[in-house]
Amino acid sequence: MLVTIPRRSLGTLSNEGWLQPGGSGQYPWSAAAARLAWGIGSQCVIGTVAGLILTALNGSLDWQFARFAAALLPLIAYPLVGALITARQPANPVGWLLLAEAAYRLPP
């Protein structure tokens, strides 16, 4: 049995600036929030990859697979999942928290 949930319209802004029901289904800031989220997420992934490359070139990267994968997974997954959640639902704080955690954990 397949159950689907219909997508609800989030509303539009009236002339007075209040959110009215119905409309396009997006908040007015959702496009800017999506660009910001993908920008932060991509900078975190680029910073992580650059840090790993520089550490490998320095010769101090520990290549034990279990420790390496355990450290690399959150550094790549947090910004990607956070950007995806925030781009789709800008009012969801979980996406912003994942992006903040990813930015905090960037390699120095």
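What follows draws every value from the coordinates through simple rules; no lab data is involved. Because the structure is predicted, anything quoted here is derived from the model rather than measured. Backbone-built Cβ (ideal geometry, glycine too); neighbour counts: all protein chains shown.
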Across the Cα atoms of segment 29-104, what radius of gyration and what greatest pairwise Cα-Cα distance (Dmax) are found, in Å?
-> 14.0, 45
Can you pull the one-decimal nm distance between simple spin-label points at Ala50 and Ala77, each 7 Å off the Cα toward Cβ?
-> 2.6 nm
Relative contact order for segment 29-104, counting Cα pairs under 8 Å that sit 6 or more residues apart, in percent = 44 percent
